[in-house]
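What follows is a short report on a single structure.
FYI, it's all coordinate maths here, none of it is from the lab. What you see is a predicted model; the values in this text were computed from it and never measured. Here the Cβ positions follow ideal geometry from the backbone for every residue, glycine too, while neighbour counts run over all protein chains shown.
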Amino acid sequence: MTSTTAPTAPPRSRTPGWPAVLAVTMGIFTIVTTEILPVGLLTSIGSGFTISDGTAGLMMTMPGYLAAVAAPVLTVATARLDRRRMLCACLFLLAIANVLAATAPAFWAMLLSRVLVGVVIGGFWSIAAGLAGRLVDPPRVRRATAVIFSSVPLGSVFGVPLGTLIGDAAGWRTSFAAMAALSLAVLAALAVLLPPLPAEQATRLSVLGSALRTRGTWRALVLTVLIVLAHFGAYTYVTPFLDEVTRAPATPFLLLYGVAGVAGNFLSGLMIAHRPTLTSAVAVALTATATLALPAVGHSNAAAAVLLTLWGVGYGAVPVCSQAWFAAATPGTPEAASVLFTASFQATLSTGALAGGLVVDRTSPSTVMLLGGATATLMLLVLLTPHALRTAKSS
């Protein structure tokens, strides 16, 4: 007797795919843009609240320190919660933070909004940075990771210049109102495009402690601290530099920097797996060259444009390199690697912005650039020591 039962269809893949990757990418883009938007609006916000550039730089300092604390605390406290719900909750909190910034009656309210941004960064980044493996099939994980991390320079390419343009045309408060609307739109995309993402492996304090006891983790920490300190100590005050030294509007230069950053991000994504030390060294060398040369030749629009392009290419590679250092040091625990990456990155970002603010209020934006270049040069020397090279080859 012939069976009339239809052949069983092969099971459909449960991998969410590229729409989910793009939703996560947009989430990080929105967060990164909100975090660094004060760089383009620093002078106008400072004027609005009648504060110095260095004091206004606290808007960059606050989120990073809070993110450094929030990354391990939230990850451990919510270890068993669905990751999609966590990502959506973070975007809702980001919308609240942007509304608070847009309506801030005084600088203390602006700083409170930046505290909320820091909590969002710590919670979202720690989950999203290692999420590619759950969203696409294994052969596409590396490409998906590069796409997710492209949101960092894209925030510089589109987010900050566009936010600055909106601020120039309609006031800086309008820029934050626009970011609040974007946050709600991305929240809706995450809710629709992401499947349930139950926690696969609870990230406990013992897991983080074990990761911190490895030599590779400490190497990643030292390298990350030096390059991020160099970059944000200088980049936070690039708008005052362009105003005082180049005497040109910041928006075109920030746009050029951001476009170069996207190129650096994707190039490093292609190179990091095969030439990790070379990729890192080129990124740091470009950052050091640009920041050291800007005070000398940055009065020329053409020279400033070239140097900011080099700087963008160099720094665009830094998040990819740093995440790769931590991932190599903690194989098998991607969320722990993301927590350590996020905490160290954000704490150093804040320290760089704070140190740069203290320097710029007492000296000049050119001095900040020189100090950033010197720190990047120190990082390059640490990276290229024989011991570091042996460690890199064995990892």
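What to note about this one:
- For the chain, the longest principal axis of the C-alpha atoms and the axis of helix 215-235 are separated by about 40°.
- Net charge in the neighbourhood of residue 250 (other residues with Cβ under 14 Å of its Cβ; Lys, Arg +1, Asp, Glu -1) is -3.
- Degrees, to the nearest 10: 250-271 long Cα axis against longest axis of the chain: 40
- Most to least packed among 72-82, 229-239, 169-179 [average Cβ atoms within 10 Å]: 229-239, 169-179, 72-82
- Helix 334-362 and the longest principal axis of the C-alpha atoms of the chain enclose an angle of approximately 10°.
- Across the chain, the fraction of Cα-Cα pairs farther apart than 31 Å, rounded to a whole number, is 34%.
- Mean residue ellipticity (222 nm) of the chain, computed from DSSP H runs ≥ 4 via -39,500 (n - 2.57), nearest 500: -26000 deg cm²/dmol
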